[in-house]
């Protein structure tokens, strides 16, 4: 027997499409913290070059190139973590009837990414994630051309600095970073999930 409350909660999902589950949050961090991250991205020499050539068992025909850094505890780690946790707080009200509060309590770690002119990431799915996981992408700057986050080969997310994009980590959300045609794109990524039996715990 379905209660009236359940019918009411689920009715708002019946008219949604896949795009409605891509959550965009602008102005994530205060200006001083945002510029501290941007300055770090522009000054650090720690970025390592990464090339992808279809040989990763966790990707689907994935190609591309970029630089990245896996962050370790410290000031920039704390600021990026703050941005992602701000987004996580926004997720719970949005999915309030689909997931319990405090559902997401581990993450994959936090990475800073750098795409220079010609860099891109081909269309792929985050299907190696745990069931119910969320992908979060924090776009740091927007003073470049190209480099949009694109879904389904047609739906482009406009470039906007200090902005967070959240979407389900599953086969329904194939996405890519289009080639950078001018300038440098900085972003950060993580994946949040629920703890599973036998899984190594990694707190957020």
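The values are calculated or read from the model by the stated rules, or taken from the named source; none is laboratory data. Everything numeric in this text was worked out from a predicted model, so none of it was measured. Positions of Cβ are generated from backbone atoms using ideal geometry, with glycine treated the same way; all protein chains shown enter the neighbour counts.
State whether one or more residues within the stretch 11-20 are closer than 19 Å to residue 126 by Cβ, modelled with pLDDT of 90 or more and either touching a helix residue (DSSP H, G or I) at 6+ places or on another chain (Cβ under 7 Å) or assigned to a strand (DSSP E or B) (or both).
no
Return the pairs, sorted by first residue and then second, in which the second residue is surrounded by 17 or more Cβ atoms within 10 Å (Cβ to Cβ), the first residue lies in the stretch 76-89 and is within 14 Å of residue 109 (Cβ to Cβ), the beta carbons are less than 6 Å apart, and the residues are 6+ apart or on different chains.
Once the first residue is within 14 Å of residue 109 (Cβ to Cβ) and sits in the stretch 76-89, its partners that are surrounded by 17 or more Cβ atoms within 10 Å (Cβ to Cβ) give 76/40; 77/71; 80/110; 80/188; 84/136; 84/190.
Taking the stretch 124-157 as the region of interest, how many residues are modelled with pLDDT of 95 or more, part of a loop (DSSP other than H, G, I, E, B) and either loosely packed, with under 15 Cβ neighbours inside 10 Å or touching a helix residue (DSSP H, G or I) at 6+ places or on another chain (Cβ under 7 Å) (or both)?
3
Only one of (1) touching a residue at least 60 places away in the same chain (Cβ under 8 Å); (2) under 27 Å from residue 33 (Cα atoms); (3) out of contact with any strand residue (DSSP E or B) (no Cβ under 7 Å at 6 or more places or on another chain) fails for residue 158. Which number is that?
Result: residue 158 fails condition (1) only.
Pairs only if they're at least six apart or on different chains, beta carbon under 6 angstrom, first in the stretch 23-43 and in contact (Cβ under 8 Å) with a residue 12 or more places away in the chain and on the phi > 0 side of the Ramachandran plot, second surrounded by 11 or more Cβ atoms within 10 Å (Cβ to Cβ) and part of a helix (DSSP H, G or I); list them, first residue then second.
Matching pairs, first to second residue: none at all.
Just checking, how many residues over the stretch 74-99 are in a loop (DSSP other than H, G, I, E, B) and modelled with pLDDT under 95? Lay out the reasoning, then the answer.
Just the residues of the stretch 74-99 that are in a loop (DSSP other than H, G, I, E, B), to begin with: 74, 95-99.
Narrowing further to those that are modelled with pLDDT under 95: 95-99.
The qualifying residues number 5.
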